[in-house]
1. Name the long-range amide H neighbours of A220: under 5 Å, sequence gap of 5 or more, or other chain; modelled H, no Pro or chain starts.
2. What number results when the radius of gyration of segment 74-227, computed over Cα atoms, is divided by 2.2 N^0.38 Å?
3. Can you tell me how segment 87-148 classifies by the Cα gyration tensor, rounded, prolate or oblate, using a/c under 1.5 as the rounded cut?
4. Please identify the longest segment of the chain free of exposed trypsin sites (Lys or Arg not before Pro), where exposed means a DSSP state other than H, G, I, E or B and no more than 11 other Cβ atoms within 10 Å.
5. Starting from the Cα gyration tensor of segment 22-149, take the square roots of the eigenvalues, sort them a ≥ b ≥ c, and report rounded, prolate or oblate (rounded when a/c is under 1.5, otherwise prolate if a/b is larger than b/c, else oblate).
6. Among rounded, prolate and oblate, which fits segment 97-184 when a ≥ b ≥ c are the square roots of the eigenvalues of its C-alpha gyration tensor, a/c under 1.5 means rounded, and a/b larger than b/c means prolate?
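Each value in this text was obtained by applying a stated rule to the coordinates, not by laboratory testing. Keep in mind that what you see is a predicted model, and the values were worked out from it rather than measured. Cβ: placed from backbone, ideal geometry, glycine included. Neighbour counts: every protein chain shown.
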Amino acid sequence: MRISFLVILAFAMMGCKKDVQLAKANRTIDSTMVDHTPVYLFFEVKDKDTMVQVNRNNTISTTNWVFNVDKRLPLRLAIPQIIKLQNKRKNDDVHTEDIAGNYYSYTDSIQRSLAFISFKSISYTYDSYFSSIYVKENPEYHMHFQTYYINFKQDKTITVDGNEVSQSELLAFLKDYIAFSGEGKRNLIYLNFDEEVSFDTYLSNVVLLTELENETTQIATTHFIYNKKKLPDCNCY
């Protein structure tokens with residue numbers, strides 16, 4: 001599917017004059033999508049304020065929903081709207097829940113093609129929660145896992161269990177770190193993102209980290225989007 005994502009979106013929007021700049025990642029999770037309808041989260045600036053505009057007028061409940069989210073949107077604007085749509089779909093589509101899925105679209109920057117990643121199983125916590133707090137509050141569930149938390153901060157700093165890691169070395173560091181500290185347990189990796197992080201940073205790293213998943217290592221299906229000012233005084237940041 002070597003077609004410009006802007007061309008595809010222009011065709012899909014059926015005459016809508018707005019465009020969406022999609023997030024970019026360096027690998028394709030899924031390259032085909034059938035029986036789908038689009039959802040758009042547009043980036044807008046009004047009176048110097050960044051805003052999000054949602055368009056889901058053509059969605060059909062029995063189809064896969066493809067979320068075309070502008071990469072410039074901060075998570076504080078994108079995620080609350082995505083949560084609302086997830087909840088609405090879950091409440092409205094009880095009989096189609098096992099059939100249709102939710103997908104993000106993005107651009108494979110290597111293949112220069114449109115790609116998709118499912119987030120049907122993903123849930124979000126938003127505002128004042130961090131994964132290390134969640135792990136401490138649920139010890140019985142986590143006793144059989146070696147847990148890790150990755151934190152993507154507003155200033156683009158990345159930490160793994162508090163250790164600062166560059167973006168370019170993140171994947172290699174995690175592979176070595178997990179191999180060293182796994183202790184024979186299954187590995188569970190939690191993702192935390194400052195709410196001011198862009199959707200581009202969020203999705204590109206979600207796609208990147210799927211490379212770690214195997215029989216013993218998985219990315220947790222709860223993603224933590226936080227407001228730093230609202231986090232408790234827990235030394236978890």
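1. For A220, the qualifying residues are I189, Y190, L191.
2. Details: Rg = 16.0 Å, N = 154, 2.2 N^0.38 = 14.9 Å.
Segment 74-227 yields a ratio of 1.07.
3. Here segment 87-148 falls in the oblate category.
4. On the way: sites that count: R2, K17, K48.
After excluding every exposed loop site, the longest remaining stretch is 49-237.
5. Values: a/c = 1.42, a/b = 1.29, b/c = 1.10.
It comes out rounded by the Cα gyration axes.
6. On the way: a/c = 1.70, a/b = 1.21, b/c = 1.40.
It is oblate, given that a/c is not under 1.5 and a/b is not larger than b/c.
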